[in-house]
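Take a look at the structure below.
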Amino acid sequence: MFEHSDRPRLFALPPGADFPSELVRGLVERSRGDAPEAMGQVTLYLNTGRMLRAVRAAFDHHGARILPRLRLVTDLALDPAPDLPLPVPPLHRRLELMRLVAALVQCRAEFTSGAATIDLADSLARLLDEMQGEGVDPEVFEAPDFAEDHARHWQQSLRFIRIVTRYLSADDRPDAEGRRRKIVSRLEEVWRKAPAQDPIIVAGSTGSRGTTLAFMRAVANLPQGAVVLPGYDFEMPESAWNSLDSGIFRSEDHPQYRFLTLLRSMDLRPSDVAQWQVDTVSDRRRNRVLSLALRPAPVTDRWLSDGPGLGDLSAAMRGVTALEAATPREEAGAIALILRQAVEDGRRAALITPDRVLTRRVAAALDRWGIVPDDSAGWPLIQSAPGRFLRQVAALGQHGVSAEMLLALLKHPITATGAGDRGRHLRFTRELELAVRRKGIAMPDRKFITGWARSAGDTALIRWAEWVADIVELSDPMEKRPLSDLLQTHLMRAERIADGPDEPVTPSELWREAAGDLAHRVMQNLASAADEAPEFDAADYADFLASVLATETLRQTQSAHPLVAIWGTLEARVQGADLVILAGLNEGVWPGKPDPDPWLSRQMRQRAGLLSPERQIGLAAHDFQQAAAASNVVLSRALRDDDAETVPSRWMSRIDSLLSGLPQQGGQAALQEMRARGEAWLQLAR
């Protein structure tokens, strides 16, 4: 498939290219003339499940043929290795770390307690995962002078890190990332002695994680190995590449910085990266504008010298719309209208944003026209009916039951669905609500509820009221208990409330359909891992349950519209839409704020060889650069949020500044045209 080369084989596609389609087209053309079964010998590693599905769909457009072996890079963690046990389930490891952190909090009064213990354990899990992914040896923390110039709390944190890393570094209980790292190291050693002869390709990954970078490097050195990079900036000159890391200043927040790290690890120059397809469809004029606008801050003076070479900026930005709404609600309404127009025109449209509140607003607006978008992120289990029900039941055991809490639970669509007379239950609930509001009862108790029912003289109402009174009296002592006990009590209460006051005629709605099935599996997984957990009181248990439900995603079961999709920022590289909308382009949203590390300071992380916080911004910038290079793109933001005025995303500010400073190339006119197109949509939405 590939010609012989003495150097690592790196290909790339420019921003704005339809990556899955171009990847498949290149594979088909390179295999032209080969035997039909030759494609079956190719192994293609992809970065996400959506990319894999998109590649499989792209093959459908090239007729019937044998497909290559399609795999995910993350699947390496599950490769067979008899001497390596399977990775510890993430929930087990999370509870194990939570127990260790709880013990630390108990011993050290200066550490926070309560619900923050959950956040501390999660941040510790991310730190250990990153250490394994970047190949950081725990021995690096054992240096006597590792944190000698740091404050006392950092030194105490370091002592705890030393204990935890020694405890969790045993080979018999690896994490998924640790096992993946070992698998990749073994593959490197095997291929060094006996290189694989069949074609192996890694496509769609930027090499932002150490394990993935090591795998890409090993594949690129194989006789028939290759790496295909997404969104590679072919328009950036050598001097700009060198400015990303001058030895004194490192621009890790630049979209192309990860590629520079990959190239240097292979002893290659930016010019050594070849185009996967020479005739790839992409707008070079737009790519040149974006490339110059996103140059590192220390070299933005090049705008003055390189800007005049961009040509007619009105032509380069003709397909760009700048939408600046007054509020997030107005932004969502205008976006929904743009998506609806795309459906009317028969164009594929994708909304890309990290703001999940905004995507829900857009989906709600589209629902008025019967348009259900294909949301790649699915629906959080915590917001499903079973998720909300389980949270409401868990909240009962904390500080008594208020009228608001009781009525919300009684009106829940899962409550009393097993007794066979849901209508009567809702009628009784409505009558109870009227009585509570008439009397102004803030905390209804058994005496009030049963007395109100007896005054009505209805036997069925009295029986129902006794059941409600039992719910009101559900309260746990605030001392800490084992997680298994809390789970058992919680599930028993939830099922009883879901069944209703009478003997259940049919199974309740609690564990039914996709959401109920997923919730049931989550609770079973919690029960199986409960022995690893620390003890919780009722309030901490409710917070922990909410955090577990929030990490689970319910895949979309309703039939989605084939022309409208909602993607996360990572999926910006899965191009293929005629119209791309980049929404929520405000600082703190896109890019978001880097996750703080409560365990290691910035200097400690740098000394250990861990990633800097700016890495997250650089990855977000790369996603933005790829998506903004689409042929038709909308750049959207809200001027205010719920609290105050917003700050435009740094990338929006750079594009505005570059265009405003080049009036002779039509930059100011291009900017006005972009805003005029956005204002037209806002006026129509209003």
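The values are calculated or read from the model by the stated rules, or taken from the named source; none is laboratory data. Small disclaimer: the values here were computed from a predicted structure and weren't measured. All Cβ positions, even for glycine, are placed from backbone atoms using ideal geometry, and neighbour counts span all protein chains on display. We work out accessible area using only protein heavy atoms, side chains counted, and drop any ligands, DNA or RNA first. Shrake-Rupley method; radii C 1.70, N 1.55, O 1.52, S 1.80 Å.
Working from label points 7 Å from Cα in the Cα-to-Cβ sense, the Asp517 to Thr551 distance is 2.3 nm. Applying 1/(1 + (r/R0)^6) with r as the Cβ-Cβ distance of Ala274 and Arg162 and R0 = 51 angstrom yields a FRET efficiency of 0.65.
Expected output is a single nm value to one decimal: the length gained when fully extending between Arg360 and Gln668, i.e. 0.36 nm times separation in residues minus the C-alpha distance. What is it? Don't skip to the end; give the middle numbers.
On the way: separation 308, 0.36 × 308 = 110.88 nm, distance 3.44 nm.
So the extension gain works out to 107.4 nm.
Each residue was assigned an accessible area with a 1.4 Å probe, and for His399 the value is about 140 Å². FRET efficiency for the pair Leu474 and Ile441, taken as 1/(1 + (r/R0)^6) with r the Cβ-Cβ distance and R0 = 30 Å, rounds to 0.95. Annotation for segment 347-438: chymotrypsin sites (Phe, Trp or Tyr not before Pro) lying in DSSP loop with at most 15 further Cβ atoms inside 10 Å of their Cβ are Trp369. Kindly list the residues of segment 69-90 that lie in the label zone of Ser528, defined by a backbone N under 11 Å from the point 7 Å along the Cα-to-C-beta vector. Zone members listed by number: 89-90. Provide the FRET efficiency to the nearest 0.05 for the Arg347-Ala377 pair, computing r from the beta carbons and using R0 = 25 Å. Efficiency, rounded to the nearest 0.05: 0.65. Solvent exposure of Tyr45, expressed as accessible area, is near 20 Å², computed with a probe of 1.4 Å over the protein chains only. Each Cα pair under 8 Å and six or more residues apart adds its separation to the average, and for segment 231-305 the resulting relative contact order is 42 percent.
Please give the per residue accessible area of the chain, computed with a probe of 1.4 Å over protein heavy atoms only, in Å². Display every interim value, and only then the final one.
On the way: 30800 Å² over 686 residues.
Spelled out: the 1.4 Å probe surface of the chain, per residue, equals 45 Å².
Highest-first packing order for the peptide set 208-219, 265-276 is 208-219, 265-276, based on the mean count of other beta carbon atoms within 10 Å.
Between Ser612 and Asp198, the modelled label-to-label distance comes to 4.2 nm, taking each label 7 Å out from Cα in the direction of the beta carbon. Roughly how far apart, in whole Å, are the Cα centres of segment 576-614 and segment 218-259? So the two Cα centres are separated by 19 Å.
Using Cα-Cα distances under 8 Å and only pairs 6 or more residues apart, what relative contact order does segment 466-610 have, in percent?
Numbers: 58 pairs, mean separation 39.1, N = 145.
Relative contact order comes out at 27 percent.
DSSP finds beta bridges in the chain, and of those with both partners inside it, around 15 percent are antiparallel.
Let me check against my output: what whole-number percent is the relative contact order of the chain, with C-alpha pairs under 8 Å and at least 6 apart? Each step should come with its number before you reach the end.
Numbers: 1070 pairs, mean separation 154.6, N = 686.
Reported relative contact order: 23 percent.
The stretch between Asp458 and Gln683, if pulled fully straight at 0.36 nm per residue, gains 75.2 nm over its current Cα-Cα span.
Let me know the shape class of segment 248-291, please: from the alpha-carbon gyration tensor, a ≥ b ≥ c as square roots of the eigenvalues, rounded when a/c is under 1.5, otherwise prolate if a/b is greater than b/c, or oblate. Before the final figure, lay out the partial values.
Numbers: a/c = 3.20, a/b = 1.36, b/c = 2.35.
Cα axes put segment 248-291 in the oblate bin.
Between the C-alpha center of segment 620-682 and that of segment 362-397 there is a gap of 31 Å.
Relative to the 2.2 N^0.38 Å rule of thumb, segment 365-470 has a C-alpha radius of gyration ratio of 1.32.
Solvent-accessible area of segment 51-154 (1.4 angstrom probe, protein heavy atoms only): carbon and sulfur portion equals 56 percent. Largest accessible area first, the residues Lys593, Lys480, Lys182 order themselves as Lys593, Lys480, Lys182 under a 1.4 Å probe with ligands, DNA and RNA left out. When the residues Glu130, Glu479, Glu509 are ordered by accessible surface, computed with a 1.4 Å probe over the protein chains alone, the sequence from largest down reads Glu479, Glu509, Glu130.
The structure-derived value of Cα Rg over 2.2 N^0.38 Å appears in the list (1) 1.09; (2) 1.80; (3) 0.95 under the label (1).
The heavy atoms of Glu189 offer some 90 square angstrom of accessible surface to a 1.4 angstrom probe. Peptides 404-410, 358-364 ranked from most to least packed, by the mean per-residue count of other Cβ atoms within 10 Å: 358-364, 404-410. In terms of accessible area, using a 1.4 Å probe and ignoring ligands and nucleic acids, Val184, Val357 rank largest first as Val357, Val184.
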